[in-house]
Amino acid sequence: MTARPAASPVPLVLGSRALPAGFAHPHASEQARRIAEQGTILRAQVGSGVHGTSIAGQDDRDEMGICLEPPEYVTGVARVPAGVGAEATVEFEQYQRHTVWDSPGGLANRSGAGDLDVVVYSARTWARLALAGNPTVLLLLFVPDADVVHRDEAGAELVGNASRFVSRLAADRFIGYLSAQRDAMTGRSGAHTNRPELVAEHGYDTKFAMHALRLGVQGTELLSTGRITLPVPEPDRTYLRSIRRGEVPLAEVVTAIDDAEQRLIRLRESPAVPAEPDRGWVDAWLHRSYLAFWESR
């Protein structure tokens, strides 16, 4: 990409902002839930379902959102309880809730089919992560309208300016995430998998493998065009799903991931990719979005 494309009109999606009730988790107090619900400007599905790589009956639903918090949490020193029933307090950075926690076992449970995992970040927290090129949070800017739960004027303006977050910093993060997923896939020293059943059946963690290659595919598109197409376009989507099902030999998967990493490295070194994101625009967006939100309360 040689220039940042102009912002395009983005439709509003005024859906429900309701979140699962609080829980005994450091980022799941009832006070944090209320802040996240009342200030939500953008929330959407971000997991395998939106990538098009889910396997029927196996995946939970992952959602991510952004909220604007009241002024006392930005200009003052107000804090929220560190979970339901906690006496300790924390700064409000996010509301995080997994519905699987409601089952016996609580926080130790692993999400599965039918469960909801949702995190709603403070706009300032989200912006810091996005400016640093975090692949997980950047994805929120490219979710198709059909998978958006809620998007108001501030959220639509942010989505319309997604290209302003693209930079060589994002290249570094995509490479780092890809490498971590590859290490976990093969069980390299220092890495671990929480899906031993996949390793036992296929010889490697097929879900980590799929995500490693997906990061390579999506990072390449982002750095080349300023966009990420969701779901993953064909033929990559079919190939990723075949990896997820364990139908591709480990050696072939490793080669594909290594090739994707090399493409990212070349793009990171390309003068066509901006060295830095547009911090000035993001800072101005944060200022006017917070002020408009506070004036409307």
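The values are calculated or read from the model by the stated rules, or taken from the named source; none is laboratory data. Just so it is clear, the structure is predicted and the values come from calculations on it, not from any experiment. So basically every Cβ, Gly included, is an ideal-geometry build from the backbone, and we count neighbours across all protein chains shown. Surface areas here come from the heavy atoms of the whole protein model, side chains and all, with no ligands, DNA or RNA. Shrake-Rupley method; radii C 1.70, N 1.55, O 1.52, S 1.80 Å.
For residues that are open to solvent by 10 Å² or more (accessible area, probe 1.4 Å), among the hydroxyl-bearing types (Ser, Thr, Tyr) and modelled with pLDDT of 95 or more, tally how many sit in region 111-142.
The total comes to 3.
Would you tally the residues in region 27-42 being over 20 Å from the mean Cα position of the chain (by Cα) and either at pLDDT below 95 or outside any helix (DSSP H, G or I) (or both)?
Looking only at that region, the number is 1.
Would you pick out the residues in region 243-262 that are loosely packed, with under 14 Cβ neighbours inside 10 Å, of a type outside the set (D, E, K, R) and either part of a helix (DSSP H, G or I) or on the phi > 0 side of the Ramachandran plot (or both)?
Correct list: Ala251, Thr255, Gln262.
Per-residue answers, yes or no, for (1) open to solvent by less than 80 Å² (accessible area, probe 1.4 Å); (2) under 29 Å from Glu157 (Cβ atoms); (3) part of a helix (DSSP H, G or I):
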site	(1), (2), (3)
Pro231	yes, yes, no
Pro274	yes, yes, no
Pro277	yes, yes, no
Leu286	yes, yes, yes
Ser289	yes, yes, yes
Glu295	no, yes, yes
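I'd like to verify a number: residues in region 43-71 that are small (Gly, Ala, Ser), at pLDDT below 95 and at negative phi, how many?
5
Restricting attention to region 242-267, which residues are modelled with pLDDT of 95 or more and under 21 Å from the mean Cα position of the chain (by Cα)?
Answer for region 242-267, where residues must be modelled with pLDDT of 95 or more and under 21 Å from the mean Cα position of the chain (by Cα): Ile257, Ala260, Glu261, Leu264.
Among all residue pairs at least 6 apart or on different chains, which show Cβ distances below 7 Å where the first residue, located in region 207-221, is touching a residue at least 24 places away in the same chain (Cβ under 8 Å) and open to solvent by less than 10 Å² (accessible area, probe 1.4 Å) and the second is polar (S, T, N, Q) and outside any helix (DSSP H, G or I)?
Met210/Thr53
Quick one: is Glu93 under 28 Å from Trp294 (Cα atoms) and open to solvent by 60 Å² or more (accessible area, probe 1.4 Å)?
yes
Within region 154-192, can you find the residues that are out of contact with any helix residue (DSSP H, G or I) (no Cβ under 8 Å at 6 or more places or on another chain), in contact (Cβ under 8 Å) with a residue 60 or more places away in the chain and either open to solvent by 40 Å² or more (accessible area, probe 1.4 Å) or hydrophobic (A, V, I, L, M, F, W, C) (or both)?
Selection gives Ala156 alone.
For region 244-262, give me each residue that is of a type in the set (Val, Ile, Thr) and within 17 Å of Ser179 (Cβ to Cβ).
Within region 244-262, Val253, Val254, Thr255, Ile257 meet the criteria.
Could you list all residues from region 47-90 that are over 30 Å from Thr206 (Cα atoms), touching a strand residue (DSSP E or B) at 6+ places or on another chain (Cβ under 8 Å) and of a type in the set (D, E, K, R)?
Correct list: Glu69, Arg79, Glu87.
List pairs: first residue in region 245-271 and closer than 17 Å to Glu201 by Cβ and touching a residue at least 40 places away in the same chain (Cβ under 8 Å), second residue open to solvent by less than 40 Å² (accessible area, probe 1.4 Å) and outside any helix (DSSP H, G or I) anywhere in the structure, Cβ distance under 9 angstrom, at least six positions apart or on different chains.
Listed by first residue and then by second, the contacts come to Arg245/Ile55; Gly246/Tyr204; Leu250/Tyr204; Val253/Tyr204.
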